[in-house]
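> Let me begin by handing over the structure; questions about it come next.
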Amino acid sequence: MLTITTYIEQKNLDSFYFTKENFQDYFISLNDPLSTQVVNRRLKKHKGHRLEGVVIIQTNDTVMTDFMDWDDIDLMWIGILQMMLEYKKTGVGKHFMAINNHEWIIKKVITNPENLILFRVKRNPLIFEGTNLYKIHKETKNVVNEKEFFSEILQAANEFICFREKLFKIGSIGKLKELMSEIQFDDHEERK
């Protein structure tokens, strides 16, 4: 089973002083009843120019993305959707994180009865230099079902768009909706 959850900053994320054990001090889930209020406060603090967060992608046995993968959440979602479009056209999609210089890669694995996706995250090694996290978190990868991955990504992206529309500064909603439309149009074209 694949789960995808978006979290938004509720505290400054200028450094990696947080740990996995205290992530709830730094992030709030979009599904939290207080998330709109908290995130509007963060947007006001940043004058509407920046909103950091993370998209956690995990299966039953593997956490593929982690709280250390935070970045500008609008750019992250735009990048994920662009990565999906690139994948649909070529069988490979890549996304580079703006702040932390991480690379997300999805690659088609043709199998029967359904195709799979190799999902890989390569993290910027300089972030972990001199810490015991470097060896553990330099790279993560897993193989997931293609249809399930696309379905869960689109659902999570739609949840993020709906959430973003509730905020006082809607940011990059137009670009996100455009990408969603293009992905869904490609799905209809493939079915013909």
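> Over segment 19-85, with a single point scatterer placed on each C-alpha, what log10 of the ratio I(q)/I(0) does the Debye formula yield at q = 0.15 1/Å?
Here log10 of I(q) over I(0) equals -0.57.
> Take 87, 7 and sort them by solvent-accessible surface of the protein heavy atoms, 1.4 Å probe, largest at the top.
Working: 87 5, 7 45 Å².
I get 7, 87, largest accessible area first.
> Measure off 7 Å from each Cα along the Cα-to-Cβ vector at residue 29 and residue 89, then give the distance between these two points in nanometres to one decimal.
3.6 nm
> Too long at a 27 Å Cα-Cα cut-off: which of 44/88; 44/175; 47/138?
Values: 44/88 37 Å; 44/175 22 Å; 47/138 33 Å.
Check vs 27 Å cut-off fails for 44/88; 47/138.
> Given the options 12, 83, 117, identify the residue whose Cα lies farthest towards the positive end of the charge dipole of segment 1-121 (+1 on Cβ of Lys, Arg; -1 on Cβ of Asp, Glu).
About the Cα centre, the residue reaching furthest to the positive side is 83.
> Under a 1.4 angstrom probe, counting protein chains only, how are 178, 146 ranked by accessible area, largest first? Could you put the intermediate results ahead of the total?
Numbers: 178 100, 146 35 Å².
Largest accessible area first, the list is 178, 146.
The values are calculated or read from the model by the stated rules, or taken from the named source; none is laboratory data. None of the values given here were measured: they were computed from a predicted structure. Every residue, glycine among them, receives a Cβ derived from its backbone with ideal geometry; neighbour counts consider all protein chains shown. Surface accessibility is based on the protein's heavy atoms, side chains included, excluding ligands, DNA and RNA. Shrake-Rupley method; radii C 1.70, N 1.55, O 1.52, S 1.80 Å.
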